[in-house]
Amino acid sequence: MVYAVVRVRGTVNVNPDIKKTMQLLRLTKVNHCVLLEENVVYKGMLQMVKDYTTWGEINTETLTKLLSSRGRLIGDKPLTVEHLKKTSSYTSFELLSKAILDNKVTYSKLPDVKPVFRLSPPKKGYRTVKRSVVNKGSLGYRKDAINTLIERML
């Protein structure tokens with residue numbers, strides 16, 4: 001299983017430990033998204049930054065859209081199918097997204113690919129950035145609802 005993690009809040013008055021954890025997760029700016037595999041280390045890091053991020057399990061369709069529209073190469077060039085064919089054994093974004101979700105390949109380990117997706121703010125905005133999802137806010141673990149949020153941000 002792969003988590004999509006989106007940073008929702010900024011850096012003003014942030015605990016230095018939380019700030020360092022967000023740097024390690026590569027979430028340096030608001031509306032940045034990263035893909036993380038499910039393991040104990042990342043779960044602990046996500047619990048530490050739960051008041052500044054939201055995350056959930058991404059599905060194949062959303063990941064395919066994310067790769068095709070927001071995937072970037074070093075030099076800020078768009079990620080293309082031709083580049084995938086040259087540098088890896090994947091011939092389409094769908095095959096790559098299925099491999100990422102099956103944990104056969106890690107997105108950040110692909111050659112010449114930026115591990116961070118820069119997203120726009122969501123259409124109709126966040127609900128509130130000071131409360132968790134269970135309290136009708138935008139922070140924390142949101143299961144499959146991350147897919148609708150990411151589609152609003154593409």
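The values are calculated or read from the model by the stated rules, or taken from the named source; none is laboratory data. If you're wondering where the values come from, they're calculated on a predicted model, not measured in any experiment. Every residue, glycine as well, gets a Cβ built from its backbone with ideal geometry; the counts of neighbours run over all protein chains shown.
All of (1) hydroxyl-bearing (Ser, Thr, Tyr); (2) surrounded by fewer than 15 Cβ atoms within 10 Å (Cβ to Cβ); (3) touching a residue at least 40 places away in the same chain (Cβ under 8 Å) hold for Tyr3 with one exception: (2). In the condition set (1) in contact with a Phe, Trp or Tyr (Cβ under 6 Å, 6 or more places away or on another chain); (2) modelled with pLDDT of 95 or more, Ser68 is compliant with all but (2). Among the residues of segment 88-123, those that are at pLDDT 90 or above and basic (Lys, Arg) comprise Lys98, Lys104, Lys114, Arg118, Lys123.
If you check Leu73, Leu63, Leu95, which single one turns out to be over 17 Å from the mean Cα position of the chain (by Cα) and either farther than 18 Å from Ile146 by Cβ or buried (at least 19 other Cβ atoms within 10 Å of the Cβ) (or both)? If you could, list the steps in order and put the result at the bottom.
Details: Leu73 fails: over 17 Å from the mean Cα position of the chain (by Cα); Leu63 fails: over 17 Å from the mean Cα position of the chain (by Cα).
Every option except Leu95 fails the conditions.
Of all residues in segment 26-47, those that are touching a helix residue (DSSP H, G or I) at 6+ places or on another chain (Cβ under 6 Å) and either free of Cβ contacts under 8 Å to residues at least 40 places away in the same chain or part of a helix (DSSP H, G or I) (or both) total 2.
If you go through segment 51-62 and keep only what is under 13 Å from Gly10 (Cα atoms) and assigned to a loop (DSSP other than H, G, I, E, B), you end up with Asp51, Tyr52. When Asn103 is tested against (1) closer than 29 Å to Gly10 by Cβ; (2) exposed (fewer than 13 other Cβ atoms within 10 Å of the Cβ), just one condition goes unmet, and that condition is (1).
Applying the condition of being more than 12 Å from the chain's Cα centre (by Cα) and of a type outside the set (Val, Ile, Thr) to segment 104-113 and asking which residue is farthest from Glu82 (Cα to Cα) yields Lys104. Taking the listed residues Ser68, Ser108, Ser132, the one that is under 17 Å from Ala4 (Cα atoms) and buried (at least 17 other Cβ atoms within 10 Å of the Cβ) is Ser68, with no other qualifying.
Quick check, is Arg142 out of contact with any His (no Cβ under 7 Å at 6 or more places or on another chain), within 17 Å of Leu35 (Cα to Cα) and charged (D, E, K, R)? If you could, list the steps in order and put the result at the bottom.
Working: out of contact with any His (no Cβ under 7 Å at 6 or more places or on another chain): yes; within 17 Å of Leu35 (Cα to Cα): yes; charged (D, E, K, R): yes.
Taking the combined requirement at face value, the residue satisfies it.
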